Amino acid sequence: MNRTLLNFIATILLALILSQFFPWWSVMIAAFVTSLFLNLDRMAVFFVPFVAIFLFWAVYAFWLGNSNDFVLSKKIAVLLPLGGNVLLLILVTGLIGGFAAGVAAIFGKQCSLLVKRS
Amino acid sequence: MKYLKLVSTFLLTIVVFFVLDTKLGSIPPIGKFLSPNQGVWQNEQDETISGTIQIDGLKNEVTIHYDEHLIPHIFAQNDEDLYRAQGYITAKHRLWQLEFQTFAAAGRLSEIVGEKALEYDREARRRGMGFGADNAIEKMKEDPKTLAYLEAYKEGINSYINQLTVANYPVEYKLLDYKPEPWTVKKTALLLMYMTKMLAGRDHDLEYTNTLRKFGKDRFDLLFPDFFDVNDPIIPKDTDWGFIDSEITETPQSEIPLDSIAATIEKPNPHNGSNNWAVSGDKSYSGHPILANDPHLGLNLPSIWFVMQLSTPQHNSFGATLPGALGIISGFNTHIAWGETNATRDVVDWYKIEFKDTSKKQYKYDGTWKNTSVRVEEIKIRNQKPYIDSVYYTHHGPVTYDETFKGNGQKEGYAMRWVGHIGGNNQRTFLELNEGKNYHDYLNAIKHYTAPAQNFVFASTDGDIALWIQGQFPNKWKGQGKFLMDGSNPDNDWQSFIPQEFNAHIKNPERGFVSSANQHPVDASYPFYVFNDGYETYRNRIINDFFRSKEKITIQDFKDLQNNNFNLKASELLPTIFENMDTSSLNSDEQEVYQQIKSWNFYSDINQLAPSIWETWWNKLFDITWDEFDVENVALDKPFTYQTIFMLKNHPNDAFMDIQSTPDKETANDLFLITFKETAKELKQWESEHGDYKWSDYKATFVGHILQALPAFSRFDIPIGGDYNTVNAAAKNHGPSWRMIVEMTSPPTALGIYPGGQSGNPGSKYYDNMIDQWAAGEYINLLFIQDQNNTEGIMATQTLTPKQ
């Protein structure tokens, strides 16, 4: 299995586990830790955990909303304001989770470099 | 270089974390808020209403059946378990509202929303909300039973709060980024103070003082009479008051301090009011008394009411509860039914205080200096240092106004005397009503009740109907408390209270019905002084005329009456206008609008155009009539609607009719025409933008979320007729907040509806599911379960068991 795929799966799995015990920023920890041990290069450092957590949050959000006919999501999409568009709300949810994870992963990569080169 | 990268990516991570984890202005902490495992996505569900839950402190198992409307039917084996379960279940469905209302009552909103609530909080503190709640707790402690139930209720709420995780906090906590705190007995006392403020916190003393100074006594008496020229009081005019043998307080010699007051504290919505009535068995189609109640309050989500059945082997009751208070407030049990309307009595008076010096340690009273006490109010503000407000107390009450708060000078202030401060065990009344079996029990239950004074309607399966105007009322001298009083003169103090048994009441009258709609409680023959502090003048006459006109009354009559849109107000003024207004100068648009209102049948129904014309016209006419009252830096209240119409009809050439900003001398007829032309123009403009000005579209009734009607959590453009002076008192954001009809069969048969839903969660389909039926004038059958093993009509059952 290549390292990209491995990082992708590890980020999701770790995020899933950590989110049972920690608040929302467990996705940042998951991406940080994964990035420490499963180094990626260049753009992939950010984008692999980004996509992983984007999917995790978006799919999970969709699943929760779908089980209740998106009654609340429609209202939150008015509140934020996203014109009442639930898909947009799911997209924003995924983007925010993904972005936070990606940033944490970049930091993780920098930390791992520090360990390796010294 | 690599350290620079390390540090910069570290900082970037911290910044991203911080931004997504922090509430920025009104934007919630967006990472926390949108996270599917912790944020709002977790609220995307109905509450769990099945299974078994272990609760600390329960003695026996408690069964909770839910019917199709999500109404919980609680079956407990003893009273403590019952009220513990009531607390738990209320928190489960209404936690955020439950807590938020007590924050509002206590003047603690700044803790949640920051500095913008500081003025509101200061006002709540300076009004003595906490002081009154403390006094109420002292009274409640005198009764060990009440206290035990309050404790059980408290622990029930806390059992719910303690098992919550961040993920299942109600959505408003996530939006505002804070968390629930433990419930206390004081919070129940604060909630009751909140209701007292809402319903008995109104007065016009300072505005009237300004009016008296500006216009003189004759003009004041003309505009604000003690009785209007029509009066169909709650207690009928022919009542014999011969049984009253206590002395009426004598009027002392005293001067009114004619101060100029620039601004006053906020008043409750003037339309807070209600209807209730009951017909006797003789007048009822079935031979059983029938009772109805509909309290008119702000239309909010989550709803102010939460409907429940509360049952033990000893008693079984059903009806509307107030989240935060125990028992049923408006409802019925196996034997009796009860409901309230606001008594609207003047129980707030103001005293001018002269301090010895700026330290405010002493104030003048009876020729000497008397000590004040001080209550230091620490108002916590989100993300800021707390604000310390020192409120000085005299024997009258808190000095609400001083130079730090809307007052005039460093050595003077205005102190508030309010029945709400005295303290009373008002909770006990509702606990006892729940258990009541007959008129005698009802009477004993309401005896404890002090504030907010209510008209308690009653009916029993025994066939009795009754209505008591119950509250603690000062025995005032004639004219006392109309205006600001000199606080140093002991004669101005409240001398005594009206003995409870002399409160106005009526039982089984010959006319076969009792009713109240916030009108004058009595006529002038009642020995005690009752000042007209804004009594309602329209709904009550429609209600009483209806019952007088009909021999037998059916349930359909009750429904029709609660939903009656007849606009008596309009019908009393418009014919005069049509007769006197010169229409020769109207253009074609104006003629069209004029014909529309001229052909009106005076029903404010949703599809009519005329009610929109009337509403617009009336508001303009009212404002222009009282333009003399628009004075900068002087707090004035305009005369009441009834007296305004009285003036327009009977004194059309009075100096008040003149528009001050024009050189001409206007009369009422001029005002009619001027305001009509403006109305026609405004409506034609509206029509070009929105289409037909049908009443429902034009009025656009809405039920707003408690947080300043957050559009996302509110419901708009609800098609309902009526206005604030029709029996169906549905105004734009105010109206019948609970409609109930109970027929006193054994057991009672009841209907109910309210503009909201049982769930406080905007993500639940039970959040606002009753609004459409409410607007259409429909009701739901209230499922009064007699045997907890009968599961007919039950959607799910949850069991609470003692924690092992």
Practice task
Select from segment B:323-342 the residues that are open to solvent by 10 Å² or more (accessible area, probe 1.4 Å) and of a type outside the set (S, T, N, Q) and list them in ascending order.
Solution key: B:Ile329, B:His335, B:Glu340
Practice task
Answer with yes or no whether B:Tyr169 is within 14 Å of another protein chain (Cβ to nearest Cβ) and crowded, with 19+ Cβ neighbours inside 10 Å.
Solution key: yes
Problem - Checklist (1) touching a residue at least 12 places away in the same chain (Cβ under 8 Å); (2) farther than 26 Å from B:Ala796 by Cβ; (3) in a helix (DSSP H, G or I) applied to B:Leu4, failing item - result: (1)
Exercise for the section: Within segment B:242-250, identify whether any single residue is under 20 Å from B:Lys649 (Cα atoms), open to solvent by 30 Å² or more (accessible area, probe 1.4 Å) and out of contact with any strand residue (DSSP E or B) (no Cβ under 9 Å at 6 or more places or on another chain), and answer yes or no. Expected result: no
Handout entry: Single residue of segment B:23-36 satisfying the filter (free of Cβ contacts under 8 Å to residues at least 12 places away in the same chain and more than 7 Å from every other protein chain (Cβ to nearest Cβ)) that is surrounded by the fewest Cβ atoms within 10 Å (Cβ to Cβ)
Key = B:Gly25
Handout entry: Single condition B:Glu142 does not satisfy, out of (1) open to solvent by 20 Å² or more (accessible area, probe 1.4 Å); (2) closer than 25 Å to B:Glu123 by Cβ
Key = (2)
Completion exercise
How many residues of segment B:655-671 are surrounded by 15 or more Cβ atoms within 10 Å (Cβ to Cβ) and in contact (Cβ under 8 Å) with a residue 12 or more places away in the chain? The answer is 8
Handout entry: Of the criteria (1) out of contact with any strand residue (DSSP E or B) (no Cβ under 7 Å at 6 or more places or on another chain); (2) closer than 21 Å to B:Asn789 by Cβ; (3) crowded, with 24+ Cβ neighbours inside 10 Å, which one B:Leu58 fails
Key = (1)
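Here is a yes/no grid of residues against (1) more than 10 Å from chain A (Cβ to nearest Cβ); (2) at positive phi; (3) in a helix (DSSP H, G or I):
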site: B:Leu12; (1), (2), (3): no, no, yes
site: B:Gln38; (1), (2), (3): no, no, no
site: B:Thr48; (1), (2), (3): yes, no, no
site: B:Thr63; (1), (2), (3): yes, no, no
site: B:His69; (1), (2), (3): yes, no, no
site: B:Leu95; (1), (2), (3): yes, no, yes
site: B:Leu98; (1), (2), (3): yes, no, yes
site: B:Thr102; (1), (2), (3): yes, no, yes
Exercise for the section: Among the candidates B:Ser746, B:Ser759, single out the residue that is within 14 Å of chain A (Cβ to nearest Cβ), over 30 Å from B:Thr576 (Cα atoms) and in a loop (DSSP other than H, G, I, E, B). Expected result: B:Ser759
Exercise for the section: Go through segment B:441-518 and tell me which strands (runs of 3 or more DSSP E), entirely inside it, have 1 or more residues that are touching an Asp or Glu at 6+ places or on another chain (Cβ under 8 Å). Expected result: B:454-460, B:505-507
Exercise for the section: Select from segment B:534-562 the residues that are assigned to a loop (DSSP other than H, G, I, E, B), surrounded by fewer than 21 Cβ atoms within 10 Å (Cβ to Cβ) and either aromatic (Phe, Trp, Tyr) or in contact with a strand residue (DSSP E or B) (Cβ under 9 Å, 6 or more places away or on another chain) (or both) and list them in ascending order. Expected result: B:Lys552, B:Thr554
Completion exercise
Reported set for segment B:273-299 where residues are out of contact with any strand residue (DSSP E or B) (no Cβ under 6 Å at 6 or more places or on another chain) and within 30 Å of B:Leu98 (Cα to Cα) is B:Leu297
Problem - B:Ile577 being outside any helix (DSSP H, G or I), aliphatic (A, V, I, L, M), within 27 Å of B:Ala730 (Cβ to Cβ) and in contact (Cβ under 8 Å) with a residue 60 or more places away in the chain - result: no
Fill in the blank from the handout: Condition set within 27 Å of B:Gln495 (Cβ to Cβ) and in a loop (DSSP other than H, G, I, E, B), scope segment B:383-406, selection most open to solvent (accessible area, probe 1.4 Å): answer is B:His395
Practice task
Could you tell me which numbered condition B:Asn210 fails, if it satisfies all but one of (1) farther than 30 Å from B:Val634 by Cα; (2) outside any loop (DSSP other than H, G, I, E, B)?
Solution key: (1)
Handout entry: Pick from segment B:343-361, criterion part of a strand (DSSP E or B) and open to solvent by 10 Å² or more (accessible area, probe 1.4 Å), ranking: nearest to B:Leu291 (Cα to Cα)
Key = B:Lys352
Completion exercise
Within segment B:188-210, residues among the polar types (S, T, N, Q), closer than 23 Å to B:Phe531 by Cα and touching a helix residue (DSSP H, G or I) at 6+ places or on another chain (Cβ under 8 Å) come out as B:Thr196
Practice task
Taking the options B:Lys765, B:Lys732, name whichever one is open to solvent by 20 Å² or more (accessible area, probe 1.4 Å), of a type in the set (Lys, Arg) and within 14 Å of another protein chain (Cβ to nearest Cβ).
Solution key: B:Lys765
Completion exercise
Subset of segment B:432-450, residues of a type in the set (A, V, I, L, M, F, W, C) and open to solvent by 10 Å² or more (accessible area, probe 1.4 Å), comes to B:Leu443
Practice task
Could you pull out the residue among B:Ile248, B:Ile244, B:Ile256 that is touching a helix residue (DSSP H, G or I) at 6+ places or on another chain (Cβ under 6 Å), within 29 Å of B:Phe497 (Cβ to Cβ), in a loop (DSSP other than H, G, I, E, B) and β-branched (Val, Ile, Thr)?
Solution key: B:Ile244
Problem - Residues of segment B:348-399 classified as over 23 Å from B:Leu109 (Cβ atoms) and of a type in the set (Lys, Arg), total - result: 6
Handout entry: Per-region count, segment B:593-623, residues farther than 18 Å from B:Asn725 by Cα, touching a residue at least 60 places away in the same chain (Cβ under 8 Å) and assigned to a helix (DSSP H, G or I)
Key = 2
Problem - Count of segment B:672-720 residues which are out of contact with any Phe, Trp or Tyr (no Cβ under 9 Å at 6 or more places or on another chain), part of a loop (DSSP other than H, G, I, E, B) and either without any contact (Cβ under 8 Å) to a residue 12 or more places away in the chain or within 14 Å of another protein chain (Cβ to nearest Cβ) (or both) - result: 3
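The values are calculated or read from the model by the stated rules, or taken from the named source; none is laboratory data. As the structure is a computational prediction, the values presented were derived from the model and not from experiment. Cβ sites come from the backbone with ideal geometry, for glycine too, and all protein chains shown count toward neighbours. Only protein heavy atoms, including side chains, enter the accessible area calculation; ligands, DNA and RNA are left aside. Shrake-Rupley method; radii C 1.70, N 1.55, O 1.52, S 1.80 Å.
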